[in-house]
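The values are calculated or read from the model by the stated rules, or taken from the named source; none is laboratory data. These numbers were taken from a predicted model, which means no experiment stands behind them. Every residue, glycine among them, receives a Cβ derived from its backbone with ideal geometry; neighbour counts consider all protein chains shown.
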Amino acid sequence: MTINLTRRLMLTGAMGSSIAGAAACVSSVGAVKPAVAEAAFPPKAGIDPYLLGPKEGVALLSRNENPYGPSKSALDMIEYAATKGAFYTSRDAQVKLVEMIAEKNGVAPEQVVVTTGSGEVLSAIALIYGPKGPIVAPRLFWDTTALYAVNLGLAEIQRVPLAADMSIDLPAIEAAVTDQTGLVQLCNPNNPTGLVSDAATLQAAVKRMAAKTTVLVDEAYIELSDDPAANSCVPLINAGHDVIVTRTFSKIYGMAGVRVGYSISSAETAEKIRATAMSWSPSLSIAAAIGCYNDEKFLAMSRSKIQEAREMVNATVDTLGLTRLPSQTNFVYFKSGQEANDVQQAMAEKKISIRGQYMDYNEWTRVSMGKIADVERFCKALPEVLRA
């Protein structure tokens, strides 16, 4: 059985043969060289530059990726790892990455599980805890991996409505937790709202809920929040609370296609997750993560670019008099007053990819932060789309 564990569905479509044919003709005569735009890593001859990533001319603002990655520190390690591609992933490399993560987070290595993207570790957690009882979660959260267990008949999700301000209603979630609850699953900052929960309120609620059942906090966007250390629930783990935190290299590290994620929990829980994980992270992924994990210069640059783009979107939305949520992520969730799927289609006609409707939030649209030029295209197009 093949499972898609990526955080977002890949765009589909096939390139025509005309480009390849033209390239072959030019190559055969050797007299004319095609113009190549200046780039840090220009595509090599014969490789379709649009085979991976966005298609030509498309502003990809729908999948919460960081297009500024991977960093050079990651790319250098990927190049090195490719020369060792004949060999299975080294245990020494796996241990090195685990030790780096453990040291940075103040936990023991046996508390860390590295997987092929956080999608895998989240799916494994759903498989472990879903059969024990309902997964209690906010009505809107990144539910793909919980649904993985649901679709296998191994879990059910008990969704709790959001608060009036679209934040996670922690008192309501806490009230829904019983001794029969299999798992509480939260996302902080939340997706698709982009809201971060108040740290003190969240941590107090998690402590109380963890006395009844396991609490999972998906921190995929934590590095983009205003105060990552204060907002994280990792300190609760070493304090003895039944908490699991998951993180990913897909967001601020810009490695959504490289696929590295991890969990932090008690050593006992980590062993259960390790036994349930479904694949083995390739050498390229492990090497890339080792290369960039502590690359603070790249992380600062990425955060700066994302914040710059986010302020552009905020200004555009505010100028149009629309309601938006105060995001601490690399996306903005706003209410356009029009059907989200209609807005998505109108943007697609301009080669701008954004998200459509979530559940019955039919007038709310989510747009991701991409390259500044692509975000500028969205900001210019939005008034045109809403006036149409």
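Note down all Cβ pairs under 9 Å where the first residue falls in the stretch 173-186 and is in the same structural domain as Lys132 (by TED's automatic domain parsing) and under 15 Å from Ile244 (Cα atoms), the second is of a type in the set (Lys, Arg) and surrounded by fewer than 17 Cβ atoms within 10 Å (Cβ to Cβ), and they're at least six residues apart or on different chains.
Gly182/Lys132; Leu183/Lys132; Val184/Lys212
When you scan the stretch 332-341, do you find a residue that is assigned to a helix (DSSP H, G or I), at pLDDT 95 or above and either of a type in the set (S, T, N, Q) or outside the structural domain of Asp143 (by TED's automatic domain parsing) (or both), even just one?
At the first step, the residues of the stretch 332-341 found to be assigned to a helix (DSSP H, G or I) are 340-341.
In the following step, the residues that additionally are at pLDDT 95 or above were identified as 340-341.
This time we only want the ones that are either of a type in the set (S, T, N, Q) or outside the structural domain of Asp143 (by TED's automatic domain parsing) (or both), so: 340-341.
Yes, some residue in the stretch 332-341 is assigned to a helix (DSSP H, G or I), at pLDDT 95 or above and either of a type in the set (S, T, N, Q) or outside the structural domain of Asp143 (by TED's automatic domain parsing) (or both).
Could you tell me whether the stretch 88-101 includes any residue that is within 19 Å of Glu268 (Cα to Cα), within 21 Å of the chain's Cα centre (by Cα) and part of a helix (DSSP H, G or I)?
Yes - at least one qualifying residue is present in the stretch 88-101.
Here is a yes/no grid of residues against (1) assigned to a loop (DSSP other than H, G, I, E, B); (2) in contact with an Asp or Glu (Cβ under 8 Å, 6 or more places away or on another chain); (3) β-branched (Val, Ile, Thr):
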residue	(1), (2), (3)
Ala204	no, no, no
Lys207	no, no, no
Thr213	yes, yes, yes
Asp226	yes, no, no
Ala230	no, no, no
His241	yes, no, no
Lys251	yes, yes, no
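Looking at Ile128, is it touching a residue at least 40 places away in the same chain (Cβ under 8 Å), under 25 Å from Leu284 (Cβ atoms) and hydrophobic (A, V, I, L, M, F, W, C)?
Working: touching a residue at least 40 places away in the same chain (Cβ under 8 Å): yes; under 25 Å from Leu284 (Cβ atoms): no; hydrophobic (A, V, I, L, M, F, W, C): yes.
Taking the combined requirement at face value, the residue does not satisfy it.
Take Ala381 and decide whether it is modelled with pLDDT under 95 and in contact with a helix residue (DSSP H, G or I) (Cβ under 8 Å, 6 or more places away or on another chain). It would help to see each step written out before you state the result.
On the way: modelled with pLDDT under 95: no; in contact with a helix residue (DSSP H, G or I) (Cβ under 8 Å, 6 or more places away or on another chain): yes.
Spelling it out, it is not the case that Ala381 is modelled with pLDDT under 95 and in contact with a helix residue (DSSP H, G or I) (Cβ under 8 Å, 6 or more places away or on another chain).
With respect to Ser71, is the statement that it is under 20 Å from Ala229 (Cα atoms), polar (S, T, N, Q) and touching a residue at least 12 places away in the same chain (Cβ under 8 Å) true? Break it down into steps so the answer makes sense when it comes.
Details: under 20 Å from Ala229 (Cα atoms): no; polar (S, T, N, Q): yes; touching a residue at least 12 places away in the same chain (Cβ under 8 Å): yes.
Answer is no for this residue.
Looking for whichever is loosely packed, with under 14 Cβ neighbours inside 10 Å and closer than 30 Å to Pro109 by Cα here; the options are Ala267, Ala315, Ala289, Ala277. Which one fits? Quick ask: steps written out before the conclusion?
Working: Ala315 fails: closer than 30 Å to Pro109 by Cα; Ala289 fails: loosely packed, with under 14 Cβ neighbours inside 10 Å; Ala277 fails: loosely packed, with under 14 Cβ neighbours inside 10 Å.
Result: Ala267 is the single residue among Ala267, Ala315, Ala289, Ala277 that is loosely packed, with under 14 Cβ neighbours inside 10 Å and closer than 30 Å to Pro109 by Cα.
How do the pairs read when you match residues in the stretch 264-285 that are free of Cβ contacts under 8 Å to residues at least 60 places away in the same chain with residues anywhere that are crowded, with 22+ Cβ neighbours inside 10 Å and not in a loop (DSSP other than H, G, I, E, B), using Cβ under 7 Å and keeping only pairs 6 or more apart or on different chains?
Correct list of pairs: Thr269/Ile244.
Could you tell me whether Asp227 is surrounded by fewer than 21 Cβ atoms within 10 Å (Cβ to Cβ) and either farther than 17 Å from Leu325 by Cβ or without any contact (Cβ under 8 Å) to a residue 24 or more places away in the chain (or both)? Working first, answer last.
Numbers: surrounded by fewer than 21 Cβ atoms within 10 Å (Cβ to Cβ): yes; either farther than 17 Å from Leu325 by Cβ or without any contact (Cβ under 8 Å) to a residue 24 or more places away in the chain (or both): yes.
Here the answer is yes, as Asp227 does meet what is asked.
From the list Arg303, Arg366, Arg377, Arg310, pick out the single residue that is outside any helix (DSSP H, G or I), in contact (Cβ under 8 Å) with a residue 40 or more places away in the chain and not assigned by TED's automatic domain parsing to the domain that holds Pro189. Steps first, please.
On the way: Arg303 fails: outside any helix (DSSP H, G or I); Arg377 fails: outside any helix (DSSP H, G or I); Arg310 fails: outside any helix (DSSP H, G or I).
Arg366 is the lone residue from the list that is outside any helix (DSSP H, G or I), in contact (Cβ under 8 Å) with a residue 40 or more places away in the chain and not assigned by TED's automatic domain parsing to the domain that holds Pro189.
Confirm whether Gly130 is small (Gly, Ala, Ser) and either outside any helix (DSSP H, G or I) or not assigned by TED's automatic domain parsing to the domain that holds Leu216 (or both).
Spelling it out, it is not the case that Gly130 is small (Gly, Ala, Ser) and either outside any helix (DSSP H, G or I) or not assigned by TED's automatic domain parsing to the domain that holds Leu216 (or both).
Just to be sure, is Ala200 crowded, with 21+ Cβ neighbours inside 10 Å and either of a type in the set (A, V, I, L, M, F, W, C) or not assigned by TED's automatic domain parsing to the domain that holds Ser266 (or both)?
Values: crowded, with 21+ Cβ neighbours inside 10 Å: no; either of a type in the set (A, V, I, L, M, F, W, C) or not assigned by TED's automatic domain parsing to the domain that holds Ser266 (or both): yes.
Criteria not met by Ala200.
If I ask for residues that are charged (D, E, K, R) and crowded, with 24+ Cβ neighbours inside 10 Å, which ones from the stretch 113-139 would you list?
Restricting attention to the stretch 113-139, the residues satisfying the condition of being charged (D, E, K, R) are 120, 132, 139.
Scanning the stretch 113-139 gives a single hit, Glu120.
Quick one: in the stretch 86-110, which of the residues that are among the polar types (S, T, N, Q) and more than 22 Å from Glu296 (Cα to Cα) is surrounded by the fewest Cβ atoms within 10 Å (Cβ to Cβ)?
First pass over the stretch 86-110, keeping only residues among the polar types (S, T, N, Q): 89-90, 94, 105.
The next check asks that each one be more than 22 Å from Glu296 (Cα to Cα); those that pass are 89-90.
Values: Thr89: 17, Ser90: 14.
It comes out as Ser90.
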